[in-house]
Amino acid sequence: MATSRELSDFLVAVERRAFKQTAYAVRDDHAALDIVQDAMMKLAEKYGDKPVAELPLLFQRILQNTMRDFWRRQKVRNLWIYGQACCLHLAVVSMEKIATH
C-alpha cells in the first residue's frame with residue numbers, strides 16, 4: 001500500500017513528463033494542465049491505496065482516458081458550434097435572398 005508520502009513523491013516525479021506528453025497530444029497548455037491535474041486527482045482518490053509499483057501503469061491509463069474524455073468533449077463542442085454557425089449562415093443567406101427579391 002502506498003503511503004501519502006509515496007503517492008506525493010510519485011506525482012511530483014511524473015508531473016512534468018505527463019504535462020509535456022499531454023500538451024503535445026492536445027496542443028493546448030491550459031487544457032493539458034487541467035487534464036494532468038484531473039488524472040492526478042483520480043489516481044489519488046481512487047487508487048491511492050494501491051502498491052507503489054502499480055502506480056505508473058495506473059496513472060498512464062488514467063491519463064490516457066482523461067485525454068480521450070477531453071477529445072470527446074471537444075468533438076461535441078466543435079460539432080455544436082459548427083452546427084450553430086451553419087444554421088446562422090443559412091439564415092443569413094435566406095434573408096439575403098428574400099431581400100433581393
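The values are calculated or read from the model by the stated rules, or taken from the named source; none is laboratory data. All values derive from a computational prediction rather than experimental measurement. We place every Cβ from the backbone using ideal geometry, glycine too, and count neighbours over all the protein chains shown. These accessible areas exclude ligands, DNA and RNA; they are computed on the full protein's heavy atoms, side chains included. Shrake-Rupley method; radii C 1.70, N 1.55, O 1.52, S 1.80 Å.
Pick from the range 17-42 the residues that are of a type outside the set (V, I, T) and open to solvent by less than 20 Å² (accessible area, probe 1.4 Å): which of them is farthest from the chain's Cα centre (by Cα)? It would help to see each step written out before you state the result.
At the first step, the residues of the range 17-42 found to be of a type outside the set (V, I, T) are 17-21, 23-25, 27-34, 37-42.
Filter once more, keeping what is open to solvent by less than 20 Å² (accessible area, probe 1.4 Å): 18, 23, 31-32, 39.
Working: A18: 12, A23: 10, A31: 6, A32: 7, A39: 9 Å.
My answer is A18.
Restricting to the range 48-64, name every residue that is open to solvent by 30 Å² or more (accessible area, probe 1.4 Å) and either without any contact (Cβ under 8 Å) to a residue 12 or more places away in the chain or hydrophobic (A, V, I, L, M, F, W, C) (or both).
Filtering the range 48-64 for residues open to solvent by 30 Å² or more (accessible area, probe 1.4 Å) gives 49-54, 56-58, 60-61, 64.
Within the range 48-64, V52, A53, E54, L57, L58, Q60, R61, Q64 qualify.
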Task: Matching residues in the range 1-16 - criterion: being outside any helix (DSSP H, G or I) and open to solvent by 90 Å² or more (accessible area, probe 1.4 Å) - done: M1
Open item on the list: Restricting to the range 1-22, count the residues that are under 12 Å from Q60 (Cα atoms) and either out of contact with any Leu (no Cβ under 7 Å at 6 or more places or on another chain) or hydroxyl-bearing (S, T, Y) (or both).
Closed with: 6
- [ ] Look at the range 35-46 and say how many of its residues are without any contact (Cβ under 8 Å) to a residue 12 or more places away in the chain and of a type outside the set (S, T, N, Q).
- [x] 3
